[in-house]
Amino acid sequence: MRKLLIFILTLTLFMSVLTCNASQASAKADPSKKAILVVSFGTSYNDTRENTIGAIEKQIAAQYPDYEVRRAFTSQIIINKLLSRDGIKIDNLAQAMERLAADGISTVIVQPTHVMNGYEYEEMKEAVKPYEDKFVSVKYGAPLLNSVEDYKKVIAALAADLGKLPENEAVVLMGHGTEHYANAAYSALDYMFKDLGYGNIFVGTVESYPSLDTVLRKVWESGVKKVRLLPLMIVAGDHATNDMAGDEEYSWKNVFKSKGYEVDCIIKGIGEYQAIRDIFVEHVGAAIKVETE
């Protein structure tokens, strides 16, 4: 009985603290102040940053004018580089959440520009979680590939931009890759390209599966003579510039050339595609709908 009484008292005290925190957040926050925090890994390549991350943020702001749109990067290395090299100050997640709370924001939609629900997405949520009780509501938008319909929309966007491919030409999309189980998204995307009739479009990754060796074998089996390389990344940053299209022996461009293929490289992050940005806008809308229900 004594243990039960102690448990009840502890639980009551815990609930009182939660209620007090929520009340404090509600008291400080202005119900009319709402924000969308767009969270990206970041890039030090200025042109692609504004053509991709910046364009996504602008489109979200235009679609949801009742919300203030703010930016946060998760890579502290990139944040530090931009500050020291260009004098550009960008918040990390902790700084962004502290600033939102200090400004009296009541409702926050956290929208990542990540491709999948991998480590970066999980780490983003863990970083935001300690600040949730500073707001009346915090909701999370989904990354790019979050449903079968998302996959279909991504394929339609890329296929429309590429146009009809000649029979002797293949397109290879270079993703980042991860050890997280969400890496299966790349294989699923490759499979769906084939299933929807795009047999000469292949998906590979820099750091996981499908590897470059896997893609090389599949391209060889297709019998094509020419390869077009594109990044399957929101921004066309270091990986696209160096790992894909660089002059080093290990770059995908030079590896394919060494196998006798004619190679073209397109340095264009998928965040530049209107239809890709539309998906992020839709995911913000879905999070807002959850918040208002």
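Every number in this text was worked out from the coordinates using simple rules, so none of it is lab data. On a predicted model such as this, the values are computed, not experimentally measured, just so you know. All Cβ positions, even for glycine, are placed from backbone atoms using ideal geometry, and neighbour counts span all protein chains on display.
Along the charge dipole of the range 142-293, Cβ charges K/R +1 and D/E -1, which of ILE279, TYR209, VAL227 sits furthest on the positive end?
My answer, from the dipole projection, is VAL227.
Too long at a 31 Å Cα-Cα cut-off: which of LYS89/LYS129; LYS153/LYS289; LYS81/LYS152?
Those over the limit are LYS81/LYS152.
Counting every Cα pair in the range 57-118, what percent are over 16 Å apart?
So the portion of pairs separated by more than 16 Å is 56 percent.
Using only Cα atoms, tell me the angle between helix 148-162 and the longest principal axis of the chain; keep it within 0 to 90° and round to the nearest 10.
40
Just ALA275, ALA35, ALA188 to compare: in a GNM of the chain, with alpha carbon springs under 10 Å, which one fluctuates most?
Fluctuation is largest for ALA188.
Based on the Cα gyration tensor of the range 213-293, what are the three equivalent ellipsoid semi-axes, each the root of five times an eigenvalue, rounded to whole Å and given largest first? Don't jump to the answer; show the numbers that get you there.
Working: eigenvalues 244, 41, 20 Å².
Equivalent-ellipsoid dimensions as semi-axes: 35, 14, 10 Å.
Could you please rank SER187, SER32, placing first whichever residue has the fewest other Cβ atoms within 10 Å of its Cβ?
Result, fewest neighbours first: SER32, SER187.
Rounded to the nearest 0.05, what FRET efficiency is calculated for GLU293 and ALA188 with R0 set to 22 Å and r the Cβ-Cβ distance?
Details: r = 30 Å, r/R0 = 1.35.
Between GLU293 and ALA188 the formula returns 0.15.
Given a 10 angstrom Cα cut-off, can you work out which residue in ILE201, ILE77, ILE155 is the most mobile in a GNM of the chain?
Taking springs between Cα atoms under 10 Å, the residue moving most is ILE77.
What percent do you get for the relative contact order of the chain when only Cα pairs under 8 Å and 6+ apart count?
In percent, rounded to a whole number, it is 20.
Roughly how tilted is helix 53-63, in degrees to the nearest 10 and between 0 and 90, from the longest Cα axis of the chain?
The helix 53-63 is inclined about 60 degrees to the chain.
For the range 203-256, which GluC sites (Glu not before Pro) are in a loop by DSSP, counting at most 16 other Cβ atoms within 10 Å?
On the way: sites: GLU207, GLU221, GLU248, GLU249; in loops: GLU207, GLU248, GLU249.
Qualifying residues, ordered by number: GLU207, GLU248, GLU249.
Please provide three numbers in whole Å: the alpha-carbon extents of the chain along the principal axes, with the largest listed first.
Ordered largest first, the chain gives principal extents of 76, 51, 32 Å.
Expected output is a single nm value to one decimal: the length gained when fully extending between ASN242 and ASP213, i.e. 0.36 nm times separation in residues minus the C-alpha distance. What is it?
Net length gain for the segment: 8.7 nm.
Compute the longest continuous run of the chain that contains no exposed trypsin sites (Lys or Arg not before Pro); treat a site as exposed when its DSSP state is not H, G, I, E or B and it has at most 15 other Cβ atoms within 10 Å.
By the stated rule (loop sites, at most 15 other Cβ atoms within 10 Å), 1-88.
Excluding residues on the same chain fewer than 8 positions from LYS257, give the aspartates and glutamates whose Cα lies under 20 Å from its Cα.
Candidates past the 8-residue exclusion: GLU167, GLU169, ASP213, GLU221, ASP243, ASP247, GLU248, GLU249.
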